Amino acid sequence: MVKSKNLTIIFTIFLIIGVIHGLLSYSFSNFVTWLLIGLWLIFTLKIFVNIKRHREFNSPHNTAFFVILPLFVGIFYSIWGYYTGVLGDNLLGGLYFSFWSLIFALPYILFGSYSLYRCFKKYSVIYFGTKAVKAKTIGYILSLSVLIFILTYWIMFYSVIESSLLDLNLLLLLIATILIVIVFGFTNTRSSLPALTRDYIANRTKTINSLTAPKTQRQRVRTTRVTNPTPSTRATTHTTRSRVQSSRTTPTSRKQTSRMKTSKTTQVTRVKPTSKIQNLNSFKPRGSYLSLEDFKCIFCFKLPKIPEDRGRGVVVCPKCRYPSHADEFKDWMRTSNLCSRCSAPIPSNFRRNPKIISVKNYVIIYKQFLKKN
Ligand SMILES: [Zn+2]
Ligand SMILES: [Zn+2]
């Protein structure tokens with residue numbers, strides 16, 4: 001994560017350079033230019049953090065900040081190329097393109113176009129604060145705004161100064177936007193994220209397993225599976241253990257559950273809901289904005305509910321904290337040691353003894369998170 005303290009330091013440094021250079025050269029545009037370089041650095045750092053997080057969680061949505069702003073930055077810094085006091089000399093003949101355009105504007109022209117493409121092809125929803133808007137709608141509005149803006153800018157600019165050159169970056173963006181809208185916008189071939197079917201998950205895990213897991217470990221997993229004669233008894237020991245585990249989070253219920261353990265109650269009453277849930281954040285799926293989608297089981301894609309799922313229990317992945325029904329989680333753990341959503345290796349003690357919480361508690365938890373949003 002980028003600490004806001006570091007960002008303030010970066011900003012201050014460039015502010016000081018800007019003031020000094022601006023005063024020495026007696027030029028306001030030099031001052032603004034340095035300030036803009038500072039802001040560019042800060043924004044770039046933020047973008048890198050966002051990209052990293054998206055790679056990690058293969059997120060199907062993003063915030064408006066990271067979708068719209070790159071385009072805006074690309075356009076603005078392209079235009080500033082005409083006014084910059086630094087690196088502004090033109091490199092080409094017929095078009096305007098300087099080192100300034102190359103370093104500060106072109107990356108965002110490209111990244112902005114890529115964001116636009118992802119509005120049509122990858123994202124399902126873009127968040128404005130907590131309000132979700134369909135990504136395709138954003139795609140159309142954004143493309144139209146870009147086209148209108150660039151054309152208006154050119155018409156206004158060239159009607160005033162006839163001898164000036166067309167900006168290469170803006171020309172590229174104009175072409176890219178038109179192409180993206182025609183190819184991905186109007187043709188109705190939307191294929192978003194691959195659906196998380198069991199086949200898809202299994203294939204993906206197979207690939208990852210063959211890449212990461214050492215041979216001995218895989219064999220070991222298989223042998224435990226084979227030598228285990230009665231899977232049903234194993235499942236019961238699991239639930240017994242996990243019951244103890246779940247009670248660990250709630251000291252008040254410990255007595256109750258241990259008493260139940262001896263009296264061998266049915267599975268329906270086993271995972272006992274508790275009134276107070278501790279460590280709420282340890283159940284929060286990792287993602288910038290949470291929607292109801294984030295609390296659906298990663299295997300059956302259904303939202304854990306009461307009374308339908310009573311007694312099934314919920315397990316969240318220790319890494320990405322996305323939920324799954326406890327029984328489906330255990331099933332999956334028989335064939336894989338990786339989380340089916342984030343592909344993180346699940347520690348062997350967690351596989352044997354997953355931390356199960358009751359569906360009723362999980363319902364309380366996700367309602368809390370959605371209320372906060
Ligand atoms: Zn499920
Ligand atoms: Zn996970």
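The values are calculated or read from the model by the stated rules, or taken from the named source; none is laboratory data. Owing to the predicted nature of the structure, the values given are computational and were not obtained by experimental measurement. Because the Cβ atoms are built from the backbone with ideal geometry, glycine has one as well, and the counts that use them run over all protein chains shown. Areas reflect the complete protein model, heavy atoms only, side chains present, ligands, DNA and RNA absent. Shrake-Rupley method; radii C 1.70, N 1.55, O 1.52, S 1.80 Å.
With the range 299-373 as the region, which helices (runs of 4 or more DSSP H) entirely inside it contain at least 1 residues that are farther than 19 Å from Arg286 by Cα and at pLDDT below 85? Give the derivation first.
Working: elements: 326-335, 348-352, 359-372.
Because the criterion is at least 1 residues that are farther than 19 Å from Arg286 by Cα and at pLDDT below 85, the helices (runs of 4 or more DSSP H) in the range 299-373 that meet it are 326-335, 348-352.
I'm trying to understand the selection: among the residues of the range 117-169, which are in a strand (DSSP E or B) and within 30 Å of Gly93 (Cα to Cα)? Give the derivation first.
Taking the range 117-169 and keeping what is in a strand (DSSP E or B), we get 125-128, 131-134, 166-167.
Result: Leu166, Asp167.
Can you say whether Val86 is modelled with pLDDT under 90 and open to solvent by 60 Å² or more (accessible area, probe 1.4 Å), as far as the supplied structure shows? First the steps, then the outcome.
Details: modelled with pLDDT under 90: yes; open to solvent by 60 Å² or more (accessible area, probe 1.4 Å): no.
No, not satisfied.
Every residue in the range 59-83 that is modelled with pLDDT of 80 or more and part of a loop (DSSP other than H, G, I, E, B), please.
Within the range 59-83, Gly81, Tyr82, Tyr83 qualify.
Being in the same structural domain as Pro70 (by TED's automatic domain parsing) and on the phi > 0 side of the Ramachandran plot narrows it down to one residue among Gly93, Gly129; which is it?
Result: Gly129 is the single residue among Gly93, Gly129 that is in the same structural domain as Pro70 (by TED's automatic domain parsing) and on the phi > 0 side of the Ramachandran plot.
Can you list residue pairs whose Cβ atoms sit under 6 Å apart, with the first residue in the range 305-324 being within 12 Å of Cys342 (Cβ to Cβ) and the second being within 10 Å of ligand 2 (Cβ to nearest atom) and basic (Lys, Arg)? Count only pairs 6 or more apart in sequence or on different chains.
Cys320/Arg286; Cys320/Arg341; Arg321/Arg286; Tyr322/Arg341
Taking the residues in the range 311-331 that are within 11 Å of ligand 2 (Cβ to nearest atom) and open to solvent by 30 Å² or more (accessible area, probe 1.4 Å) as candidates, determine which candidate is farthest from the chain's Cα centre (by Cα). Working first, answer last.
Quick first cut of the range 311-331, residues within 11 Å of ligand 2 (Cβ to nearest atom) only: 315-324, 329.
Of the ones still in play, those that are also open to solvent by 30 Å² or more (accessible area, probe 1.4 Å) are 318-319, 321.
Details: Pro318: 17, Lys319: 14, Arg321: 13 Å.
Selected residue: Pro318.
Could you say which residue among Ser343, Ser348 is over 19 Å from Leu290 (Cβ atoms), open to solvent by less than 40 Å² (accessible area, probe 1.4 Å), away from ligand 1 (no atom under 16 Å from the Cβ) and small (Gly, Ala, Ser)? Before the answer, list the steps.
Numbers: Ser348 fails: open to solvent by less than 40 Å² (accessible area, probe 1.4 Å).
Step by step, each of Ser343, Ser348 is checked, and only Ser343 is over 19 Å from Leu290 (Cβ atoms), open to solvent by less than 40 Å² (accessible area, probe 1.4 Å), away from ligand 1 (no atom under 16 Å from the Cβ) and small (Gly, Ala, Ser).
Restricting to the range 66-107, name every residue that is touching a residue at least 40 places away in the same chain (Cβ under 8 Å), among the small types (Gly, Ala, Ser) and under 25 Å from Leu45 (Cα atoms).
Once the filter is applied, which keeps residues that are touching a residue at least 40 places away in the same chain (Cβ under 8 Å), among the small types (Gly, Ala, Ser) and under 25 Å from Leu45 (Cα atoms), the range 66-107 yields Gly74, Ser78, Gly81, Gly85, Ser101, Ala105.
Filter the range 286-295 for residues that are open to solvent by less than 60 Å² (accessible area, probe 1.4 Å) and either within 16 Å of ligand 2 (Cβ to nearest atom) or of a type in the set (D, E, K, R) (or both) and give the result. Outline the logic, then answer.
Filtering the range 286-295 for residues open to solvent by less than 60 Å² (accessible area, probe 1.4 Å) gives 287-288, 290-291, 294-295.
The answer is Gly287, Leu290, Asp294, Phe295.
Could you tell me whether Ile357 is open to solvent by less than 70 Å² (accessible area, probe 1.4 Å), under 23 Å from Arg53 (Cβ atoms), more than 18 Å from the chain's Cα centre (by Cα) and away from ligand 2 (no atom under 15 Å from the Cβ)? First the steps, then the outcome.
Details: open to solvent by less than 70 Å² (accessible area, probe 1.4 Å): yes; under 23 Å from Arg53 (Cβ atoms): no; more than 18 Å from the chain's Cα centre (by Cα): yes; away from ligand 2 (no atom under 15 Å from the Cβ): yes.
No.
Got a number for residues in the range 297-310 being under 19 Å from Gln368 (Cα atoms) and within 14 Å of ligand 2 (Cβ to nearest atom)?
1
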